[in-house]
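The structure appears right after this line, and notes come after that.
Just so it is clear, none of the values below were taken in a lab; they were calculated from the coordinates. Computed from a predicted model, the values in this text were never measured in an experiment. Please note: Cβ atoms are built from the backbone with ideal geometry, for glycine as well, and neighbour counts cover all protein chains shown.
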């Protein structure tokens, strides 16, 4: 398969550090230091804010309502996903975040950061046309995109032994270990001597430059950053009433170890309908999605964990109240898609879960995520949606710039 501007696949090649706005990787933090910062929320957004604050010279107290975070930050794929980002401001933010993740991986190996790249496979001619359109766009090289035929895909990722006709390779996509990342970052932050993790503490009151937790302790700071995820009840939930934030529920699963390595993260043609980099082409070139897949908003994403198991997903549900139980049907459909792409033998699913995250009902270049000053010296940051793991380092950097 010969395409203009193609490059030969090289599975051993490292990532290309690049940015649409010309910034260099590994540049020092340039934010304005605050002497004391309180971060509310122990997820990836909160923890990256703690990192940015410590690097700016501040002393940081981080509050988390559970002993350890239990929300979307530990229930995701651990993908740092540049390939699917919308052109313009979102892509620029993702590219900067990718640079910052490279720094984090160097400084905190326990996060499991690896520049493994991704492959989005096409199983039909229509899906291939979408990939061709994406590979031909003006920002394709900035995203590290190249279109491969099936044989070339298997050269880059020999573990893919299923059915597909082509794949879009993104050299800039990467991965971390979501169940390890937050703990590794907290340990690194504690080594600074200017960081304290206080849990379990639930914030019940917000005041000027301060919050009060459920024990009655008041935490005063030059800046308070609220990164409370998909909170929908209590004092934190009330902060977001009347905003353009919506909650999204997803189903995911993890398998026993696969008998072979998957060299890249993997997505299928259904993902083209959900990622903004592809949606404009998908709307024109793809017909309606299969009814069952559409009912659950299913796309296949697959990431191999360091222990060999596969994280599989996902689904999209928007109508609240969300059910408390897990339905077998959506994950059965996800597993079917994964078996088709990954091929046999395929490991058994060993655990399943659901997660909920906040996202803006409409993302624009002017508003990529939710940020609002709740009170003097108190800023709420949330709504990164399914992009939270990807964008968190750059969002945190923006808070302190």
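Structure summary
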| quantity | calculated |
| --- | --- |
| Virtual spin-label span in nm between residue 246 and residue 290, 7 Å along Cα→Cβ | 2.4 nm |
| Extension reserve of the residue 318-residue 260 stretch, reckoned as 0.36 nm per residue once the Cα distance is removed | 17.3 nm |
| On Cα atoms only, tilt of 125-135 relative to the major axis of the chain in degrees | 50 degrees |
| Computed lengthening from residue 35 to residue 161, 0.36 nm per intervening residue step minus Cα-Cα distance | 39.9 nm |
| Additional length obtainable on full extension of the chain from residue 366 to residue 125, 0.36 nm per residue less Cα span | 83.2 nm |
| Gaussian network model of the chain, springs between alpha carbon atoms under 10 Å - residue of 349, 119, 298 with greatest fluctuation | 349 |
| Among 192, 327, 73: highest mean-square fluctuation, GNM of the chain, C-alpha pairs under 10 Å | 327 |
| Backbone N within region 257-272 under 20 Å of label point (7 Å from residue 326 Cα along the Cβ vector) | 257-258 |
| Distance between modelled label sites at residue 339 and residue 149, nm, 7 Å Cα→Cβ extension | 3.0 nm |
| Average Cα contact separation per residue, region 75-192, under 8 Å, 6 or more apart, as relative contact order % | 41 percent |
| Rounded, prolate or oblate (a/c below 1.5 giving rounded, otherwise prolate when a/b exceeds b/c) for region 79-133 by Cα gyration tensor | oblate |
| Candidates 269, 193, 183, ranked by Gaussian network fluctuation over the chain, Cα under 10 Å, top entry | 193 |
| Percent of alpha-carbon pairs separated by more than 17 Å within region 247-296 | 55 percent |
| Relative contact order of region 158-271, pairs being alpha-carbon contacts under 8 Å that are 6 or more residues apart, as % | 24 percent |
| Angle in degrees between helix 178-190 and the longest Cα principal axis of the chain, rounded to the nearest 10 | 40 degrees |
| Sum of -39500 (n - 2.57) over DSSP H runs of 4+, divided by residues of the chain (222 nm, nearest 500) | -8500 deg cm²/dmol |
| Distance (nanometres) between label positions extended 7 Å along Cα→Cβ at residue 139 and residue 66 | 3.4 nm |
| Value of relative contact order over the chain, rounded to a whole percent, pairs C-alpha under 8 Å and six or more apart | 25 percent |
| The chain: antiparallel DSSP beta bridges as a percent of all, rounded to 5 | 70 percent |
| More than 20 Å apart - percent of Cα-Cα pairs taken over region 120-208 | 59 percent |
| Value of Rg to Rh for region 178-247 (Rh from inverse mean 1/r over Cα pairs, i.e. Kirkwood) | 1.01 |
| Degrees, to the nearest 10: 89-107 long Cα axis against longest axis of the chain | 80 degrees |
| Value in Å of the Kirkwood radius, where region 277-401 supplies the Cα pairs that are averaged | 17.6 Å |
